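What follows is a single structure, written as structure tokens, with notes after it.
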Amino acid sequence: MMNMNVNEHLIDEIKSKNNIIEIISGYTQLKQNGKNHKGLCPFHNEKTPSFIVSEDKQLYHCFGCGQAGDVIEFISKKENLDFIDSLKFLGNRVGINIEEKTLNKEEKKAVEEKTKIYELNREAAIFYYKNLHKRGAQALEYLSNKRGLSIETIKKFGLGYALNEWDALNKYLLKKGYNQSLIYKSGLVLQKKEKKGFYDRFRNRTIFPIFNTTGKVIGFGARAIGNEMPKYLNSPQTPVFNKSNNLFGLNIAKNEINDNKRIIVVEGYMDVISLYEKGIKNAVASLGTALTKGQGQLLKRYADKTYICYDSDVAGQTATLRGLDILTEVGCEVKVISLKGAKDPDELVKEHGKEAFIKYVNSALTLVEYKISLAKEKYNIKTTEGSIKFVQEITPILKNLKSPVEVDAYISKISSETGISRKAINKEFYGNNKEKNPESFKKYRSKKDRNNNKYNIIPEKPIKKQGYFEAEKILLKLIIENEHMYKEIKNNFTYDKFISSNIKNIAKFVYRAYETNSLDKDEILKELEIEEIGLFHEVNKIVLPEDNVDKMLIDCVNTIKKHRLILEKNGIEKELKIIEKKEKKSKEEIVRIRELCINYEKILKELKKM
């Protein structure tokens, strides 16, 4: 995708024309709650509404799961789009084409061409789909009877049929008004020898349309009906299709990812579709290639966990290992679903059903566990020779682990399974590095070494919270929970004495509520801004001790007063420095210096008393 420099003005225009209440109401029901709107969170399951939307500030915040942001962030998270695509989504909704406003002439031409290819691909997909139901009896029989797919699933994936004719699709698209050059660029047709005409790329094949995450048809996969070779055929790379950066079924799976935030990666189109048919809707396929970094980054964007479930043959195992390394490299949390008694997910769910597959998912192996399991299959660890070779093969695997705890756990497990002592495995693992080998460390370390800080490590100091802010929250909690406390301080500590503007505003409504003898937390919440609501919930979660509450009240008030005095002192020092830098001072400035010095002395005296 070409780079877009979207200026702040255009972003603000798109945001201003997309009211956040209207947008979010399309995903969850919102009800007016004072100055804000409230509803069930669209990002996690909940029974009690904790999702607040501020129309004034055009912001949302869930106090259950912590999701928060503006209308662009909402669409980005809900539709799984990046920033630019989220802008496009919202811009198109209000008639703003950001490409027209941000691209140069050549870039606009390229975008127009891509738009036409998207339209052309859509026409081709419709053509294939209609053929399946009108003239594709053999293909439909294969999908329905042999593969066990329902009409609903066939429709969901837009499956079709390419006629057993040389140029049926090409003729159809020409009649629709598309020019031959564009049809050729789309990859749907091939040029005849000596450039004497064109013929369809896909003929007498079951068609699998490939969609991008925004639902546009970007290419096609095709499976031979008979014994034609190759058995599977994909669209070539085109202006809209690069198989290294796309995943089959992601347009559907992205909307089916549950709270576990996990995606299952399988090898083939039919694996994805068969799993969907059985109710497992979060699967994608890697378009007949080994997983690429681009696909890995795409997976990371949509899910927290990625599960690889490739065929159980040697080729599948090799592809799994490559995929694991790539996914780990791009930062995915990855596991392997290792199938037993079935060559692929399609076969497993057909013969044993959804629950059998879910069991395999729940017992998926980590990267290290999978590599160890493959090594275990190679050698007979019941024999001495097999055990030695097994330990030697997995040692480099364990060396990739960063956690000493993990290393120790695996060494214990391997020792137990092979009968080889921990000491010997440690020796194999650490070699002659006695400093790192825990066995050597235990044996040779002296008492003196054990008791001194050999490397002069300085313990990390805990980060101190801002004292006055914590005091303000506790004081507010004391006042809210105990009217006696409010009466104790209301005359000497009015709400405007709070330093934090958000706490001050909450306190204002709490004080007013007591003055009218009706402290109702829900009513106060209706008056607060979205960021103040979060702070109010935070204050309410504070657990107060039962004893010495009066002392706590005094301590909090004193802490806040002291911080206010320090702020005033710092302000005076800053102002004095500015005036004193001037070579010539006016009479007013000389008078001001005296005033500041008098106030400064007063503050110092107050601080000494505290």
### Summary
All-but-one check, GLU112 against (1) assigned by the TED database to the domain that holds LEU169; (2) surrounded by 15 or more Cβ atoms within 10 Å (Cβ to Cβ), failing number (2)
### Query
From the set of residues in region 172-195 that are touching a strand residue (DSSP E or B) at 6+ places or on another chain (Cβ under 9 Å) and open to solvent by 20 Å² or more (accessible area, probe 1.4 Å), which is farthest from GLU277 (Cα to Cα)?
LYS192
#### Entry: Test: residue in region 143-160 that is among the aromatic types (Phe, Trp, Tyr) and at pLDDT below 95
no
### Message
Going residue by residue through region 197-209, is there one that turns out to be touching a strand residue (DSSP E or B) at 6+ places or on another chain (Cβ under 9 Å) and at positive phi?
### Response
yes
### Message
Which of the numbered conditions does GLU55 fail, given that it passes all the others? Conditions: (1) in contact with a strand residue (DSSP E or B) (Cβ under 9 Å, 6 or more places away or on another chain); (2) free of Cβ contacts under 8 Å to residues at least 24 places away in the same chain.
### Response
(2)
### Message
Tell me the residue from PHE157, PHE127 that is crowded, with 19+ Cβ neighbours inside 10 Å and more than 20 Å from LEU250 (Cβ to Cβ), please.
### Response
PHE127
### Task
Taking GLU256 as the residue in question, decide whether it is out of contact with any Ser or Thr (no Cβ under 9 Å at 6 or more places or on another chain) and outside the structural domain of ASN121 (by the TED database).
yes
### Query
How many residues, within region 574-610, are touching a residue at least 24 places away in the same chain (Cβ under 8 Å) and of a type in the set (D, E, K, R)?
1
### Query
Based on what the data block shows, is TYR360 among the aromatic types (Phe, Trp, Tyr), on the phi < 0 side of the Ramachandran plot, part of a helix (DSSP H, G or I) and not assigned by the TED database to the domain that holds SER286?
no
### Task
Kindly state which helices (runs of 4 or more DSSP H) lie completely within region 501-610 and contain at least 1 residues that are open to solvent by less than 70 Å² (accessible area, probe 1.4 Å) and closer than 30 Å to HIS61 by Cα.
501-515, 521-527, 530-540, 549-580
### Selected residue (criterion: nearest to GLU428 (Cα to Cα)) from residues of region 405-416 that are open to solvent by 50 Å² or more (accessible area, probe 1.4 Å) and touching a residue at least 24 places away in the same chain (Cβ under 8 Å)
ASP408
### Task
Within region 565-610, count every residue that is among the aliphatic types (A, V, I, L, M) and more than 21 Å from LYS497 (Cα to Cα).
8
### Query
Picking from LEU565, LEU528, which residue would you name as being modelled with pLDDT of 90 or more and more than 17 Å from ASN482 (Cα to Cα)?
LEU565
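The values are calculated or read from the model by the stated rules, or taken from the named source; none is laboratory data. These numbers come from a predicted model, not from an experiment. Every residue, glycine among them, receives a Cβ derived from its backbone with ideal geometry; neighbour counts consider all protein chains shown. The accessibility values were calculated without ligands, DNA or RNA, using every heavy atom of the protein model including side chains. Shrake-Rupley method; radii C 1.70, N 1.55, O 1.52, S 1.80 Å.
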